[in-house]
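Written out below as C-alpha cells is the structure these notes cover.
Rule-based calculations on the coordinates, nothing more; no lab input. In this text, all values refer to a predicted model and were calculated from it rather than measured experimentally. Backbone-built Cβ (ideal geometry, glycine too); neighbour counts: all protein chains shown.
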Amino acid sequence: MCLAGAQGRAIIGVVPTLELRILIQKVMLAALLASSVTLGAASRPGSAHALPADVASLNPPLLVNRSSRPKTVEVNIVAAPTRLSLMPGKMTEAYAYNGSVPGPTLEVREGDKVIVHFRNDLDEPTTIHWHGIHLPFEADGSPFHPVAPGKSRDYVFTVRPGSAGTYWYHPHPDHRTGFLIAKGLYGGIIVRAADDPLPKSIAEKLLILSDNRLNPDGSIDFPEPRSHHAAVDEENGREGNVLFVSGKVMPTIRIRRGEVQRWRIVNASASRVYRLAIPGHPFMHIGNDGGLFEHPVDAKEIVLGTGERVELLVRGTDKPGERRVLRALPYDRYIPQTRPDDWKTTRDLLTVETTSEPPPAPVLIPAVFRAIPPLDIAKATATRTIVFSQGMINGKKMDMSRVDFTAPLGATEIWAIENVVGMDHPFHLHGFQFQVLDRNGVAEKFRSWKDMVNVPKHETARIIVRYDNYPGKWMFHCHILDHEDHGMMGVLEVK
Amino acid sequence: MRRSNARGSELSLVSLLLIFVVTACTAPAPSLSNGGGMAATRGSEDQLARGRHLVVSTACGDCHGGGSNPAAFGWLDGIRTPEQEFKIGPFTTRARNITPDNATGIGRFSERQIFNSLRYGLRPGETPDVEITSTIPGQGNFPARPKYLAVPMPWPAWRHMPDQDLWAIAAYLKQGVKPSSHRVVDSEGPPDFWASEYTVEKIGPWPLPAYPTANETGR
C-alpha cells in the first residue's frame, strides 16, 4: 500500500470545487455516521467512546477573525478555568483557551498582521508563547513578559513570508509551563502560504497529540511535590495514561479509497516522543516544524519529538470498511534508572477507516514544493557549544537575570548541542528558525526549517541559525516541560 | 600540604605556586565559558603529578580501566567486558569512561563537578557546576534532590581527602589524561540514583567528628 509512484507523484483523488466537496462530504458523513455507529463502536480497538468521534469535528474550532481590514487577523483569546469533559463521561477541572481543549486554531496567511487580544482569567501569571513563529521579542510570550491574573496583553506580529507551516501556542511563564499545559492550555497555529504548491482540494487534518495523567474520576493527576512520583516526573518529564488526538481519545478519521489527506501533526505532549506509523501503510513526509520540504520524502515511520511538527500525506488505499490504526511505537528516550516498565507498549492513537464513498478524481502532488536556501556555513561568526546534561545547560540552571550568550543582530551562528547524559533532550530555540546541519556527524538528509531538534542520549546535533530582524532576549531550552520548568533553559541576547 | 611520591623535593617557590593554584581552585565560582565543563585553572605539573599519584594509589583504574598502570591500554576509559560489570541485585553498575573525551568521557564536566562528585558523591551530569557549601539538601547549593554516583564507587571514603587532593585528582583527570573515545553503556541503577545508600548512618559523617572519639586514644 504505497502513497504514490516514486517519480510522478501522481495521486488519485478529489472533486471539482472545494465548496461542493465539503457539502457532499458533510452529507455523506452524516449518512455514514448514522449507518456505522454500531459497527464502529464495536470494532474499533482501544476506543473509550460510545460513539465514534466525528471526523468533521476532529479539527479544533478556528479563532474568529474580528478584523475587516485586509491582511489583518485580529482575535481574542481568554485563558480561564473551566469544567469540561476530557474523557468521555467524566468531567475535569481544567484550564482552557476560549473554553476548548485544545484551544481554537489560529489560522493566518503569510504577510498577515496578527493582533491577539489576550486576557488572563487564571489565578496565576501566564503568557502565550507562539512556538516557532518569527516575531518581536515583546510578542514572544516568554517568561520575560508575564501577564498577571486579571490582566490583558496584546500580542502583535507580522507573519513572515516563507514561513507557511504548522505551529502551536502555549503558556510559557517561569517554572509553570508544564502545569499550565497539562491543565489544557495549548492550541494549534496554521500559517498558510500565498502559493501553497499542494492542491487545495486535499482535505486537511490538524492532529494535536497530547497525553495527560487522569484519575478515574476524570481529575488531572499531579503528584505530591516531594513524592517519589514527582521525582520521576522531574526526571522523565510527565507522561500521561490517556492519549489524545486534538482532544479526542482514539478518534476515527474517514478516508475514501484513493483520497489523499494532508495531516498536520503537532506533538504538544510534555515529554512523550511519538514514533508514528500506520503499520503496513507508508506515508509521504512533506514538511517539518517550519513548513514544507523542498520535495516529498517517503516514510514508514516518523519520530516526532516533544514540541515538533510534521506534515504528512496519507492516502486511502484499502477497501471500504477496512480500518487501520495510527500507532505510537515504542521509543526509548529514557534514562535507565527511571525508564517506565511499560515503555515497550505500542499505543493506539486513531483509526483510519476507508469509507464506501466513490473514489475522488486524481490529484497531482508536485515533485518539488519550494526552494529552501541553505544558511551559509562560511558566514558563521561563532560556533557555540550547548551541553545538555540532566536538568542543566552548560552546567547551569536557568537564571532570568543572566544572559548566557550575546550575538549581533543579523549574525549567522552554528550551535552544537551535545547531549552528555543517557536520555533524550529536545532542544528548542525561540524566535528564529534554524537548519539542522548534522546529527552525530551524519549530514542531514534533506533541508528544512526547524525550531526543535530532539537530541538523543549521548548524541550531538549541529544547527545553523541566522538572527534576522528582531533583537531581544530569546530562550533556548529543553522542551521536556518538567526540565525547562526546573531550569534547563538559557538566554540568548541578540542586539 | 602533602606531597606526591613522584615529586618529593620541590623548591619552596614551587610549593608557593602549588598553594596559589590550590587556593585559586578552591576559590568560589570560576565562571563557565561557552561550552560547559571547562577547566577553571590550568593545573601545575605538581598538581597533575599529585593527582596521578592519587588516581594510581586509590586504584581508580581497577574499575575504570588500566589497573595501576597509566601506560596500559584503556587507561581510565571504562569497562570493556560484561565480566567487569557490577551486578547488585536487579541493578547493574558499569564503571564509565573518566578520560576527558567530550562525547564518551567526562570532557564536558568541569573540574568543580568532578570535585563535587568525589567530595559529595553527586553525579556530575545531574549536578550544577556550583560551589557547594552544605551537605543538607536544598541548602548551600546542595541539590534538593541529590543524585549520587552508583555503588560501589567508593567516594564515601575518598571524600575525606583534603580539598587539594580532590582538586588534584580532578585536574589530572581533566588535564593530565588524553581523551579516549570509548563508549560505556549507561549504568542501570535504582530510580533514586542510589540515594538510599548514602545516609549518614550508612556512610558516616562528613566532616569527621573531632579527634579523639570514644574509639580513639587521643594521642
So between A:Thr383 and A:Glu322, what do we pick up on full extension, going 0.36 nm a residue minus the alpha carbon distance? 16.7 nm
Using a 10 Å cut-off on Cβ to Cβ distances, tally the other chain neighbours for every residue of B:123-130 and report the average as a whole number. 6
Just going by the charge dipole of the stretch A:67-218, with Lys and Arg at +1 and Asp and Glu at -1 on Cβ, which of A:Pro161, A:Leu198, A:Asn215 is farthest out on the positive end? A:Leu198
Taking the Cα-to-Cβ direction at B:Asp163 and at A:Lys90 and moving 7 Å from each Cα, how far apart do the two end points lie in nm? 5.4
What is the gain in length, in nm to one decimal, between B:Ser57 and B:Glu201 on full extension, counting 0.36 nm per residue of separation less the C-alpha to C-alpha distance? 49.1 nm
Extended-chain gain in nm, criterion 0.36 nm per residue less alpha-carbon gap, A:His175 and A:Ala299: 40.9 nm
Based on the alpha carbon coordinates of the stretch A:377-494, what radius of gyration and maximum Cα-Cα distance (Dmax) apply, in Å? 13.3, 39
Among A:91-101, B:199-209, what's the highest-first ranking by average C-beta atoms within 10 angstrom per residue? A:91-101, B:199-209
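Counting every Cα pair in the stretch A:72-192, what percent are over 26 Å apart?
Pairs farther apart than 26 Å: 17 percent.
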When Rg is the radius of gyration of the Cα atoms in chain A and Rh is its Kirkwood radius, what does Rg/Rh come to? 0.94
With Cα coordinates, the longest principal axis of chain A makes an angle with the long axis of helix A:18-43, in degrees rounded to 10, of 80
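Let me make sure I get this right: for the stretch A:245-302, a, b and c are the square roots of the gyration tensor eigenvalues over alpha carbons, sorted descending. Under 1.5 in a/c it's rounded, otherwise prolate if a/b > b/c, else oblate. Which is it?
oblate
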Which aspartates and glutamates have a Cα lying under 16 Å from the Cα of A:Lys397, excluding residues fewer than 8 positions away in the same chain? A:Asp174, A:Glu234, A:Glu235, A:Asp482, A:Glu484, A:Asp485, B:Glu126, B:Asp129, B:Glu131
Taking a crude spin-label model, label points 7 Å out from Cα along the C-beta direction, the A:Asn215 to A:His229 distance in nm is 0.9
Count, for each residue of A:415-422, the Cβ atoms from other chains sitting within 10 Å of its Cβ, then give me the mean as a whole number. 4
Exposure proxy check on B:Phe73, A:Phe388: fewest-to-most Cβ neighbours within 10 Å is B:Phe73, A:Phe388
With an 8 Å Cα cut-off and a minimum separation of 6 or more residues, compute the relative contact order for the stretch A:72-192 in percent. 32
Would you please state the base-10 log of I(q)/I(0) at q = 0.29, 0.32 1/Å for the stretch A:364-404, with intensities from the Debye formula using one equal scatterer on every alpha carbon? -1.03, -1.10
What distance in nm lies between label points placed 7 Å from Cα along the C-beta direction at A:Asn440 and A:Ala411? 3.1
Which of the peptides A:406-414, A:369-377, B:170-178 is most tightly packed, and how do the rest follow, going by the mean number of other Cβ atoms within 10 Å of each residue? B:170-178, A:406-414, A:369-377
Alpha-carbon spread of the stretch B:34-134, three principal axes, descending order, Å: 37, 33, 27
For peptide A:383-393, the mean count of other chain Cβ atoms within 10 Å per residue Cβ is 6
